[in-house]
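K.L.:
Below is a structure I'd like to ask you about.
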Amino acid sequence: MYRTCITKEAAVGMHYYLTDIDGTGGRIKVCPEDFVVKEMSLYPAKKTDGHFVIADVTSKNWETNRLIRLLSRTMRISREKIGFAGTKDKRAVTTQTMSFNCPLENMSCVNLKDVEFSNIYTSNRSVKIGDLIGNTFDIKVKKCSAELGKIKSVIHTIFSNITKVGGFPNYFGVQRFGVNRPITHIIGELIVRGNLKKAIETYLSYHSDDEDIEVQITRKKFCECDGDYASIINEMPKTMGFEKTIAEHLIKKPEDYIGAIAKMPSNLQMMFVHAYQSYLFNLMLSKRMERSIPLNDPIEGDIVLPLDENGCPIHENPVLTTSKNIDLVKHQIYNKRACIAITIFGANSVFAEGEMGEIERKVIEQEKITKDDFIITGLPHCTSKGSKREIICPIWTFESAVNSEGYNVKFSLPKGNYATCLMREFMKSEMINY
C-alpha cells in the first residue's frame, strides 16, 4: 500500500512514503533563497511603552540558536530575554516573530549580516514557543532526475493522492535530527538513559562527511584528545560555539556533565530529548503504516484530538475512540474538526488502546525505556512529559509551477509540521537533498 523508504531517512524512523509513485528527484536549498518560510504569527497585542519589543526578524542562512546568541550579545541582554515561536531551518530565508525584553533603542545596536527587523512595536507580552498558526513556504526544487516535461504530471498525481487522504504522513522531518549530522536523537537517547558523558562526547566528536572540513578536523581531534579539551579550545571554528561552551565548562569542572549540558541554551537542551521522542513517534507512525491501518479513518482505541478554529490540535482534550463513539469521531474527522494522534512518549504518557496501543507499547518495550527515564535529574529542561501528535498534516494552500531549472511550490501548513515531509513525497530524493 505504501512505498518503502530506502534512503537514510529510514534511520530516523521514516520508513514509508504515502505515495507509491516515482518522484521528481532533485534538491532543495541549493542556495538559501530556494527555501523561503514565513510564520503565520499570533502577534502580542500592541501596548505603548510596553516592556517587550516585538519585531518580525528576517534572516538568511542563520541557525535559530546561533542567531539568538548573537542577537543577545549585540543587544547586551540575556538570551533568555529573547522570545520566539519556533525554530527555523538554517539554509533558508526565514521570517519569524520575536520579542526582546529590552528598551526599544537597543534594536539600533544590531548590525548582523543578512538580518533585518520589520513591523517593530512594543507590547506587555512576550512571544512564546507555539505563538503561531502555521507557516507559508516558497520552495524551489532544482537538479531534478525526472524529465522536465513529466514533472507537472508527477506533481499533479502525487498531490491528488495526498488530497484523497487529507494530508501527508506527519513524520518529524530530517531537520529535527540534523541533515548533515543526524545524531540529535542519539544524544537525546543517551541523556534519557543517563549516560551524560557519552552524550557530550558524541555531541563534540561525532563527525560527518557532510560538514565543513574544518569542523570535521576539530571533531576528530575531540575523538583523540581523551578529555584534554584545553589542547583544542583555541583552534575551534566559530561555528562550533555551543561545543566551545561545553568544552570550556569541562576544562574548569572536569566530569561535571550535568553542568556542561546546562550551559547550553534551554531550547537546545530540550531539543535533544525531543528529538529522541520524535524518533520514537516516527517509528510508531511507520508501524501503523506497515500494518496498513488507515491514517485518515479512526479505529477503536485511537486517540483523537479536536481542532481549534485555526485548524490546530487541542492537546488538552484527547478523546478515546470506542465502539460507542466511533461514528461521531469519524464524522468529526471527515469534517476537519478533529484528527487522529499517536503518542510522543514521555514521563506522563498515556498509550492509545486497541491495535494502535499495541504498536505504541511494543516500540517502547523494544527500546527498553520507561516513563521515569524522561525525568532527567538536574536537567529540568531535558525532562519531558510527553504529548500526542497528529498523524496526518493537512495542506492548507498549494500551488506549483515548472520552470527551466526544475519547479517551484508554494504552500502553507499548520504549525509544528515539516515542509520537507511534504517535499519528500514529491521528490523521493536522498536525505541530504532536503
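The values are calculated or read from the model by the stated rules, or taken from the named source; none is laboratory data. What you see is a predicted model; the values in this text were computed from it and never measured. Glycine gets a Cβ as well: all are built from the backbone with ideal geometry, and neighbour counts include every protein chain shown. Surface accessibility is based on the protein's heavy atoms, side chains included, excluding ligands, DNA and RNA. Shrake-Rupley method; radii C 1.70, N 1.55, O 1.52, S 1.80 Å.
K.L.:
Compute the angle between helix 196-205 and the longest alpha-carbon principal axis of the chain, please, reported from 0 to 90 degrees and rounded to the nearest 10.
P.N.:
Relative to the chain, helix 196-205 is tipped by roughly 80 degrees.
K.L.:
Taking Rh as the Kirkwood radius computed over C-alpha pairs, what is the Stokes-Einstein D of the chain at 20 °C in a medium of viscosity 1.002 mPa s, expressed in µm² per second?
P.N.:
This corresponds to a translational diffusion coefficient of 93 µm²/s.
K.L.:
Now for a different question. Can you tell me the 0 to 90 degree angle between the C-alpha axis of helix 266-290 and the longest principal axis of the chain, rounded to 10?
P.N.:
Long axis of 266-290 versus the principal axis of the chain: about 20 degrees.
K.L.:
Over its Cα atoms, what ratio of radius of gyration to 2.2 N^0.38 Å does the range 187-264 give?
P.N.:
Computed over Cα atoms of the range 187-264, the ratio equals 1.03.
K.L.:
If each residue of separation counts as 0.36 nm, what is the full-extension length gain between Lys113 and Asn234 once their alpha-carbon separation is subtracted?
P.N.:
That pair, Lys113 and Asn234, stretches by 41.1 nm at full extension.
K.L.:
Report, by chain and number, residues whose modeled amide H sits under 5 Å from the one on Tyr407, excluding near sequence neighbours (fewer than 5 apart, same chain).
P.N.:
HN-HN under 5 Å from Tyr407: Val141.
K.L.:
In nm, what is the difference between 0.36 nm times the number of residues separating Asn161 and Val350 and their Cα-Cα distance?
P.N.:
Extending this stretch completely gives an extra 64.8 nm.
K.L.:
So, with +1 on the Cβ of K and R and -1 on the Cβ of D and E, and no other charges, what is the size of the charge dipole of the chain about its Cα centre, to the nearest 20 debye?
P.N.:
So the dipole magnitude of the chain works out to roughly 540 debye.
K.L.:
Accessible area of the chain with a 1.4 Å probe: how many percent of it is carbon plus sulfur?
P.N.:
Carbon plus sulfur share of accessible area: 49 percent.
K.L.:
Here is a further query. Cα axis of helix 354-367 to longest principal axis of the chain: angle in degrees, 0 to 90, nearest 10?
P.N.:
30 degrees
K.L.:
If the limit is 32 Å between Cα atoms, which of Lys385/Lys410; Lys220/Lys252; Lys81/Lys238 go over it?
P.N.:
Lys385/Lys410
K.L.:
Could I ask something else about it? Give Lys128/Lys330; Lys113/Lys198; Lys113/Lys140; Lys38/Lys336 a once-over and call out the pairs whose C-alpha atoms are over 30 Å from each other.
P.N.:
In this structure, Lys128/Lys330; Lys113/Lys198 exceed 30 Å between Cα atoms.
K.L.:
Then there's this: Taking 0.36 nm per intervening residue step and subtracting the Cα-Cα distance, what contour gain separates His51 from Phe398 on full extension?
P.N.:
Here the answer is 121.1 nm.
K.L.:
Looking at the chain as a GNM with Cα springs under 10 Å, which of Lys164, Lys410, Lys330 has the largest mean-square fluctuation?
P.N.:
Checking each option, the largest mean-square fluctuation is seen for Lys164.
K.L.:
I would also like to ask the following. Past the 24 Å Cα-Cα mark, which pairs from Lys143/Lys428; Lys46/Lys90; Lys152/Lys415?
P.N.:
Lys46/Lys90; Lys152/Lys415
K.L.:
While we're on this one: Residue-wise, which Karplus ³J(HN,Hα) couplings in Hz belong to the range 144-149, taking 6.51 cos²θ - 1.76 cosθ + 1.60, θ = phi - 60°, and x for glycine or proline?
P.N.:
My calculation for the range 144-149 gives 5, 8, 6, 5, 4, x Hz in order.
K.L.:
Under a point-charge model restricted to the Cβ atoms of Lys and Arg (+1) and Asp and Glu (-1), what is the dipole moment magnitude of the range 5-99 relative to its Cα centre, in debye to the nearest 20?
P.N.:
Here the range 5-99 has a charge dipole of around 640 debye.
K.L.:
Using a Gaussian network model of the chain whose springs link C-alpha atoms within less than 10 Å, name the residue from Ala230, Ala347, Ala262 with the highest mean-square fluctuation.
P.N.:
Comparing Ala230, Ala347, Ala262 in a Gaussian network model of the chain, the most mobile one is Ala230.
K.L.:
Translational D (Stokes-Einstein, µm²/s) of the range 273-418 at 20 °C and 1.002 mPa s when Rh comes from the Kirkwood sum over C-alpha pairs?
P.N.:
In µm²/s, the coefficient is 128.
K.L.:
Could you work out which residue, out of Ser59, Ser153, Ser99, moves most in a Gaussian network model of the chain, that is, has the largest mean-square fluctuation with Cα springs under 10 Å?
P.N.:
Ser153
K.L.:
Sticking with this one: Okay, helix-only estimate at 222 nm for the chain: each DSSP H run of n ≥ 4 adds -39500 (n - 2.57), divide by all residues, round to 500 deg cm²/dmol; what do you get?
P.N.:
Here the helix-only value at 222 nm equals -10000 deg cm²/dmol.
K.L.:
Please give the per residue accessible area of the chain, computed with a probe of 1.4 Å over protein heavy atoms only, in Å².
P.N.:
Dividing the accessible area of the chain by its residue count gives 46 Å².
K.L.:
Now a separate question. I'd like the distance between the alpha-carbon centres of the range 145-205 and the range 45-114, rounded to an integer number of Å.
P.N.:
Spelled out, the Cα-based centre of one part sits 27 Å from the other.
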